[in-house]
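To start, the structure itself, in structure tokens.
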């Protein structure tokens with residue numbers, strides 16, 4: 001019987017578009033799914049495509065008129081081999097934290113920790129900040145200012161009781177709940193084996209509560225990645241849930257790539273050991 | 001009813017800046033009003049004059065009756081022409097919370113699939129790009145929409161992941177200049193915007209125009225679609241709606257949301273569906289049903305200058321009188337001046353999905 005990794009990797013490989021990967025099977029290649037698949041499948045062709053997709057400012061993402069989405073830059077840095085392209089991607093992240101807004105009683109936040117955004121010139125959010133944090137921690141650990149800033153952002157945007165949603169703790173005095181997928185994203189960025197960090201521990205508690213209620217493929221896959229990176233013992237339950245997911249219609253390529261990444265050897269490329 | 005002035009708009013959207021006291025010294029309101037009249041950030045030849053669109057307010061007490069026939073009749077009454085045309089239904093699925101009524105009810109969406117088929121559509125699909133969550137299959141499943149669409153054999157497309165097409169903007173309320181919209185939206189013969197009738201803590205109300213935000217793909221514009229907020233939320237609503245141009249609208253006001261909408265408000269039974277062929281006229285009418293002054297909702301008022309009909313005297317009501325169908329929705333204090341009257345008393349619903 002095939003393992004979860006073998007099944008997801010095979011399905012992912014069938015979904016490729018030439019050397020690279022789009023967000024859905026056979027779609028025009030894009031940096032985010034290609035970076036994830038390159039890591040998950042250890043795929044040199046995908047890495048070459050990715051290197052060719054780097055923009056002049058070192059970023060990776062999608063351009064739509066005046067909108068420069070650069071949120072794939074952290075993932076691309078993690079996927080690229082050591083070299084100039086990877087360093088330029090990290091330089092871009094260093095140079096482009098999100099825009100800050102003044103603190104506001106309606107949407108309270110710390111303006112001193114901007115995080116990273118989905119698009120250049122916009123506000124910071126949890127998932128792109130967690131990606132940037134992971135890239136810095138693995139590939140440029142001496143970027144302590146950026147690492148501290150990203151951790152500070154995640155601490156500031158933590159939901160009441162732990163975990164994260166897209167990045168708003170409260171609006172108009174209403175505490176917003178955490179989501180499974182973004183809580184997993186935050187934990188992937190912050191993970192360290194045997195962590196005693198309260199932020200991480202609260203996030204783990206939140207994720208344990210959330211993923212059984214939010215059984216979408218991306219949530220389950222990123223939760224498995226978080227569990228394995230944190231070396232939590234209950235990962236087998238998530239493997240079972242994901243196997244059942246693969247029995248249904250094929251998930252989109254980003255979710256598939258996360259399943260293959262979380263269940264296979266590629267996850268070591270995201271692990272922070274120190 | 002008077003249009004909201006720019007200062008009120010800025011105060012509500014939180015972008016009043018230091019130095020505003022220097023604006024308009026000694027000039028009174030005449031110069032800003034004159035400037036506003038001559039500021040026409042749209043291509044005239046891209047938008048037909050709105051005429052006298054029909055809007056239908058239908059009393060519908062619950063989601064359990066023959067919604068398919070209600071929707072079919074409603075679409076016929078407003079003059080929908082669907083025979084032989086491909087149709088995309090765009091419900092509101094911005095995120096999912098089992099404790100309230102964020103989403104267009106799945107029973108209404110499924111009934112609309114069937115009604116649209118009865119009216120001869122060549123194809124129908126249901127599509128949305130959730131704005132807060134990336135895991136769309138979870139939202140579709142948890143909300144119950146997946147099961148309902150399975151029952152009627154309808155396909156769902158995740159607009160956050162669909163291929164995109166560049167669409168030049170013919171209005172310029174933002175500096176975006178163009179939007180990259182999902183091909184299924186661009187290629188559909190008819191887009192039906194199916195919003196939930198809700199208050200909105202930044203925009204006053206979220207109806208068929210604001211619902212078009214879900215057509216903007218998150219993988220470019222983010223989760224949430226923060227690029228649009230930076231561009232100016234109300235301005236972006238106008239530009240996105242003018243790009244998507246939903247030909248038909250069905251507003252789910254059987255149970256709506258009041259207070260701190262669009263996510264954290266309170267369910268309110270308004271007992272109506274609002275049908276229309278002009279998003280500005282439909283949203284103006286739905287606002288009246290909510291007990292809100294449409295002229296005070298900035299994006300409705302501005303869209304009424306070019307995109308559709310906001311002059312209430314020119315909107316042909318072919319169903320219930322919207323003001324007599326009013327359920328006064330509670331709003332946040334910052335939007336209190338939108339309220340038109342007390343309306344019918346109502347009781348909040350304890351179980352959001354009841």
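The values are calculated or read from the model by the stated rules, or taken from the named source; none is laboratory data. Keep in mind that what you see is a predicted model, and the values were worked out from it rather than measured. In this analysis, Cβ positions are derived from the backbone assuming ideal geometry, glycine residues included, and neighbour counts consider all displayed protein chains.
Every residue, every condition in (1) without any contact (Cβ under 8 Å) to a residue 60 or more places away in the chain; (2) in contact with a helix residue (DSSP H, G or I) (Cβ under 7 Å, 6 or more places away or on another chain), yes or no:
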| site | (1), (2) |
| --- | --- |
| B:86 | no, no |
| B:89 | no, yes |
| B:97 | no, no |
| B:123 | yes, no |
| B:128 | no, yes |
Exercise for the section: Working only within segment A:11-30, note down all residues that are more than 10 Å from chain B (Cβ to nearest Cβ) and crowded, with 18+ Cβ neighbours inside 10 Å. Expected result: A:12, A:15, A:16, A:17, A:20, A:21, A:29
Problem - Out of B:308, B:319, sole residue that is out of contact with any helix residue (DSSP H, G or I) (no Cβ under 6 Å at 6 or more places or on another chain), more than 30 Å from residue A:172 (Cα to Cα) and in a loop (DSSP other than H, G, I, E, B) - result: B:319
Problem - Flag if residue A:160 is away from chain B (no Cβ under 13 Å), in a helix (DSSP H, G or I) and without any contact (Cβ under 8 Å) to a residue 60 or more places away in the chain - result: no
Problem - Criterion (in contact (Cβ under 8 Å) with a residue 12 or more places away in the chain and part of a strand (DSSP E or B)) met by exactly one of B:157, B:139 - result: B:157
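So that you can scan it fast, the table gives a plain yes or no per residue for (1) within 14 Å of chain B (Cβ to nearest Cβ); (2) at pLDDT 95 or above:
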site: A:205; (1), (2): no, yes
site: A:223; (1), (2): yes, yes
site: A:234; (1), (2): no, no
site: A:240; (1), (2): no, yes
site: A:243; (1), (2): no, yes
site: A:264; (1), (2): no, yes
site: A:267; (1), (2): no, yes
site: A:272; (1), (2): no, yes
Problem - Condition met for residue A:121 (away from chain B (no Cβ under 14 Å) and not in a strand (DSSP E or B)) - result: no
Exercise for the section: Give the residue, chosen from A:76, A:71, A:35, A:64, that is within 14 Å of chain B (Cβ to nearest Cβ), closer than 16 Å to residue A:19 by Cβ and touching a helix residue (DSSP H, G or I) at 6+ places or on another chain (Cβ under 6 Å). Expected result: A:35
Exercise for the section: Quickly run through segment B:148-168 and pick out the residues that are within 9 Å of chain A (Cβ to nearest Cβ), buried (at least 20 other Cβ atoms within 10 Å of the Cβ) and touching a strand residue (DSSP E or B) at 6+ places or on another chain (Cβ under 7 Å). Expected result: B:162, B:164
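Give B:177, B:259, B:214 a once-over and let me know the one that is modelled with pLDDT of 95 or more and buried (at least 24 other Cβ atoms within 10 Å of the Cβ).
Details: B:177 fails: buried (at least 24 other Cβ atoms within 10 Å of the Cβ); B:259 fails: buried (at least 24 other Cβ atoms within 10 Å of the Cβ).
Just one listed residue meets the conditions, B:214.
From the list A:60, A:5, which one is in a loop (DSSP other than H, G, I, E, B), buried (at least 19 other Cβ atoms within 10 Å of the Cβ) and touching a residue at least 12 places away in the same chain (Cβ under 8 Å)?
Matching residue, one of A:60, A:5: A:60.
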Problem - Hey, residue A:113 in contact with a strand residue (DSSP E or B) (Cβ under 8 Å, 6 or more places away or on another chain) and in a loop (DSSP other than H, G, I, E, B) or not - result: no
Fill in the blank from the handout: Across segment A:183-203, the tally of residues that are farther than 28 Å from residue A:247 by Cβ, away from chain B (no Cβ under 14 Å), touching a helix residue (DSSP H, G or I) at 6+ places or on another chain (Cβ under 7 Å) and in a helix (DSSP H, G or I) stands at 5
Practice task
Return yes when residue B:239 is outside any strand (DSSP E or B) and either crowded, with 20+ Cβ neighbours inside 10 Å or free of Cβ contacts under 8 Å to residues at least 40 places away in the same chain (or both) and no when it is not.
Solution key: yes
Exercise for the section: Inspect segment A:123-131 for any residue being within 21 Å of residue A:182 (Cβ to Cβ) and more than 18 Å from the chain's Cα centre (by Cα) and give the result as yes or no. Expected result: no
